[in-house]
Structures are given as C-alpha cells and as structure tokens.
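What follows is calculated from the coordinates using simple rules that are stated; it is not laboratory data. It should be emphasised that the depicted structure is a prediction, and the values quoted were computed from it without experimental measurement. FYI the Cβ positions are ideal-geometry reconstructions off the backbone, even for glycines, and counts take in every protein chain you see.
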Amino acid sequence: MSSFVGVHLSDPTLQGHFTQVELRRLKSKFISLKSQSGKVIVGDLPPVMAKLKALNQMLTEEEISAILGESSDVKDEIDFEAFLRAYLNLQARATAKLGGSKNSSAFLKATTTTLLHTVSESEKASYVAHINGYLGEDPFLKNFLPIDPATNALFDLSKSGVLLCKLINVAVPGTIDERAINTKKVLNPWEINENHTLCLNSAKAIGCTVVNIGTQDLVEARPHLVLGLISQIIKIQLLADLNLKKTPQLVELVDDSQEVEELMGLAPDKVLLRWMNFHLKKAGYKKPITNFSSDVKDGEAYAYLLNVLAPEHGSPGTLDIKDPNERAKLILEHAERMNCKRYLTPKDIVEGSSNLNLAFAAQIFQQRNGLSLDDKKISFAEMMTTDDLQVSREERCFRLWINSLGIVTYVNNVFEDVRNGWVLLEVLDKVSPASVNWKQASKPPIKMPFRKVENCNQVIRIGKQLKFSLVNVAGNDFVQGNKKLILAFLWQLMRFNMLQLLKNLRFHSQGKEMTDADILNWANNKVKRSGRASHMESFKDKNLSNGIFFLELLSAVEPRVVNWNLVRKGETDEEKKLNATYIISVARKLGCSIFLLPEDIMEVNQKMILTLTASIMYWCLQKPAEESDSSPTSALESSPTEASALESSPTEASALDSPPTEASALDSSPASSLLEEANGDILADNRGSVGLVFLLQF
C-alpha cells in the first residue's frame, strides 16, 4: 500500500479551512490552469471558479470577475495559496448572496463546509456521553473509557480509527467484521490508515455522507470533521426505527394509501416531525412544528408532547412557568422519568440546538411513540412496504451508490425519490457532465405533475443519447413509480459509469476493450502467482461460496491484509458467512467502497462476484509501479502509472458494477437481462441483489 502524501500550506490558518480531499482537488485545478501558460493570473480565475461545485449554481462568471476585481488587478500573478484565498472569498460572497445556508432537508448531509469550522461543546459532550454509554464495556475500548468531555480525549482516541469503527457497529450491527480492525495498543501509520479507510467506506455503506472527508483528516482528528462524522453515525442509530418497515404503527400518521407512499419517501427526521405534530394536534397545540430549532426552543411543544405520551410522569404546572430555562429543566426531568437518555441540557433547548433536539425527540419516540396497535392498520402498512428480497437489495444498493456520488439531494427511498426526475438528472450530471439541460428542468418541490413528467422525459432522452436500452420506456413510467423500469434504468446508469471508469484504464489493456474475461483471468493469474491453488472457473462458480478464493486474491494483492488465523474452511453456512463478512471488511480496509452483502458471496451472485473481483483489481492497478508486480503475460497487470489520471475526489468516484462488454461470462448482457426482468421475465439464476457497487476512495 502506498503512503499518503498530503497537500501542505505555509499558512496553518488557511490549511485549516480545507480537507485534504478538497486541497487535492483544488491543487489539480490550479496545476492544470498553470500548465496552459506557465503562470496563473487573476484574469484566468473566473471561468475555472465558475465551474467549481461550491460556486457554479450561485455565482455567474461575470459576478466572479467583478468580485475578484474589487481587490486585485486582472493581470496580477497569483500562487496556489492566493488561489485558495480567492476561492474562500467567493464562497463567502456566494453564501451571503443566498442569505444563509441551503435547505437542510437531508439530515445526513455532512457539515463539512470549508467556510466555518465551529465545534459545539454541547454536541461534543452529548456525543461523548453516547459513546461512554454504548462502548463502555467494549473489550478493547474500556481501557480508554470513559472519555472526559471537557478535554480533547475524544479526538485523541479517534486518531487510531478503532473508536469510529466500533461506533459504526453500534449504529448498524454487523457492518464491520471487528476481526478486520487493527486493535493493537500501538499502531503504525499504515495500520491507522487502514482503520480509517475501513471506517469511511463502512460509513458510506450505512448511509453517511463523507464526500469531503479523507483518511488524513481523521488521522489528524480534525475536530469539526470528526464530530460531523460521529453526528451522522449517531443519528443513523437514533433514527433507525423511523420508517414503516421497522415501525408499521407509523401508518396511523396518514389517512390513505397515497399518503402512505408520501410517508415512505420522507427522510427520518421529517417522519419524526410528522409524528410530533400528530400528537401535538391531538393535545390541542396550535402551532405546527417544522424544525428542531426555533419551533421547540420555548419548550411548549415538548411539554404538550410529554403530557400526551406519559402524563403519569409529568408536572401539570410545566406550561404555567414563564422562565424558558426552568420549563426546559422540568421537561428534561419528565423525559428522564420515562428513561430517555439525556442528549441535551436546558440551555440547548432554549438556544435551539437542532442536532441535540433531534436526538432528544428521537429518544422520546424510542421510549414511547404513543401509536395505535390496530392490527388492520399494521397489516396495511406491512403490505405497502413489502418488496421481494431481490428488489429490496437492489433498492438498497442504488440508494447507497447515489448518495455516495456527492449529489445535493439525499436519497431516502429510491422508488419515491426518483419519481420527480430531479435526482436522476443530478446523477446523470455527475456521471456524464454537461449532459443535462438545467434550463429545462424543474427543481423540487414540484406541484404540477406535468413538470415531473418533463424532468423524467429529459432523463429518458439523455439515457438514449448514452445508448441505454429504453424501448417502450417513457418518463411517465418513472413518475408512476414503476419499480422494474426504475431499477433497469439505474442498472444501466451504473453500467455507463463503470464504462467511463474503464476507459481511463485502457493503458492497462493496451487500448483494447476490457471484458469480464480479462477480469477473470487477472484474478486467476494473481492468485496463481502467489503460490495458491484456488481457481475461479467463472463468476458463478459455486466453489466461490466458501470465500477462500477471494481471501487468497486479497492476500495476493496485499499480503499483510489477511490474517489467515481468522479464516474458516467454509464448510458450513456459519463458516461461509464468517468468511464473507471478513472479505467485505478486508476489501473496504484496502480502499474499496463496496455495498456488497455477505449473502451475495454465499449465494455466488454472479454479478456481485464480478464486481467484487473488479473492485479488487482496480485497487491493485492503482498502486505505484514499484508496488505492482507486472507480468509479460498480462497487459492488464502492467505498471499502472497511467492510473494516476484516474485520481479524483470522492464526489467524482465511479462505480464498477457490471461487465464492460456484451461478450461476457454472464448469461446475458446487463441491459438486456434487466429489461427482461422489467417485463417480468426474471432469469432463474439471477436471484438476489443486482446491486453491488464499488467506489474507490482516492
């Protein structure tokens, strides 16, 4: 594994405004600009700055020119640090122009803006209490806990990566095979980097947005980034039950099937708000709650809510108290008598801390949701949310893939969130830049149905331009929520994304198209040259179910990454699952951001097996030349110096999730077989998920 080389600035204050991911991306832009004439002047900046994601939707090129001209002459030459200062200045002006932050409907969006880096001591104390409570008995971490919130112990303990990996497993049990975590008391830099790589790729696999966070940022334990990640992980844990699948009683919040579909598409925090308003309306509270900040800071909403849910623990005089701090104190005492964990102080309620108020409301929901146990309503909810296993796995895969691309909209439910076409346009713009005509697109919220159809029609037009197979598919099919056709389109979209990635690897195949047969041969040759005896006949070879081949492949590309003392023979289902879980964590530890499930390996899902193999291959080909064992028999394993052209930010990461050509070891081409599935002709051997995707962490 190559060591990490960061971008270092002479000004520590300026350095603190950026993550390493952002610095590498901006450095690349600056170098590209400088290579054109040997120097960079202020006049060169407007067209470049106007294309940057943080500015392109807020400032025009003319506005950027005017702002830069206020403090500099267009002919002034600038260095990289001046380039960064100009970027920050423009970012500040763009924010001021908007009058504040963008909409915050997606609660999982990471708060990693480079403009302001503030750390809330209240939030820090709350997260420390959460960690102390849930990980206090962990065999390894108990030697370092409890953490004192008044110190920087949280950040110091985060530097090894162990704490963050363990916290992910608390939020979504089983995400990380803890055997893959490096847990020695003293870790070397490589082992620390592996832990953080495993952490970030696993965080993406549970739905965190980590677009602007790199391993070096976590190694340095940059406070705002560490707290931002911890906040997302804890929110995922606290809001895990706020959906109809986990809590079918939520169907009581709606009146008909149309509203049920709307509820299914809501973000968990929006469901929590709807739940609060449902009970507040019954209690006679007149003001609707729309946020967890200004609308709850006077404490009245909490007082009404708790009196409805647990009147036996309340004080009738709470609402009569005029002092907001005293009222907030009584509210928290009421909640504690309900066994709610204390995530905030009276001051946090009065000051309207949105993150901590959300956590508090989620705790109330977990302890007592006050919803009906009507069997008929629950059966109706279960019927509305029941998908077969294959559809459910595909939806999960596409949702995680889309969210990992770094688009603005956070997807909570693929089938609901793509129906207005906007999300699909965002994804198309990400994987095929400049393909979307934004002047002809309507941004949500969209009240007029025909505007949704127009968006989806543009999606279909772009798909046809990209040579997707879309026979008899119309935009209205997406608006109507046709699950089979939505999945078929997304599969082809991911396939296109994969092909773009492979085009950048053509030097490894000496200009010829790379096929799944090349991937198969590469894997077999890699294992053979390592002295192992395993062999993969095809991507549906049933012998792969024990996981041994992939462990040998991983060991071949990075010998130190597999601990063979932990590997089982794979003779029973239990042993196969242990091996499959270990494979996924080891691959993530290397740098493959995969959304594969252990069942895909155990069932030998051929598409998933192909993409797992390809992700390992892609990681291997990116290693520096001196670390790569080239072979005269395989052009695919030539020294991958050209792979540097592939280096991009996580927002530009691509997905390799289908065979690159129709000549394939799979039974049929991905596009045709998925359209067959969309028509109801599901192939007998295509059971399970269609959806493993990998995105590589650069």
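Worth pointing out:
- Cα pair distances exceeding 18 angstrom across segment 234-285, given as percent: 29 percent
- Taking amide H atoms as placed 1.01 Å from N in the peptide plane, the amide H of S593 lies under 5 Å from those of L695, L696, Q697, each 5 or more residues away in sequence or on another chain.
- Once the C-beta distance of S35 and L566 is scaled by a Förster radius of 30 Å, the resulting FRET efficiency is 0.05 to the nearest 0.05.
- In segment 428-465, the trypsin sites (Lys or Arg not before Pro) that fall in loop regions by DSSP, at most 14 other Cβ within 10 Å: K447
- Rounded FRET efficiency, nearest 0.05, which uses the C-beta distance separating K287 from R461 and R0 of 41 Å: 0.35
- Under Karplus coefficients 6.51, -1.76 and 1.60, residue-wise ³J(HN,Hα) of segment 211-223 in Hz, glycine/proline x: 4, 9, 10, x, 4, 5, 5, 6, 4, 7, 6, 5, x
- Candidates per GluC sites (Glu not before Pro) in segment 118-172, loop by DSSP, up to 16 other Cβ within 10 Å: E137
- Cα centroid of segment 145-193 to Cα centroid of segment 221-299, whole Å: 29 Å
- Potential extension, E537-N188 segment - 0.36 nm per residue separation minus Cα distance: 121.8 nm
- Cα gyration tensor shape for segment 12-98, rounded if a/c is under 1.5, else prolate or oblate: rounded
- Tensor-based shape of segment 248-382 (alpha-carbon gyration tensor, a/c under 1.5 rounded, otherwise prolate or oblate): prolate
- Phi-derived couplings, Karplus 6.51 cos²θ - 1.76 cosθ + 1.60 at θ = phi - 60°, listed residue by residue for segment 74-86: 4, 8, 5, 7, 10, 9, 5, 5, 5, 4, 5, 5, 5 Hz, with x used for Gly and Pro.
- When each of the peptides 77-87, 198-208 is scored by the mean number of other C-beta atoms lying within 10 Å of its residues, the order from highest to lowest reads 198-208, 77-87.
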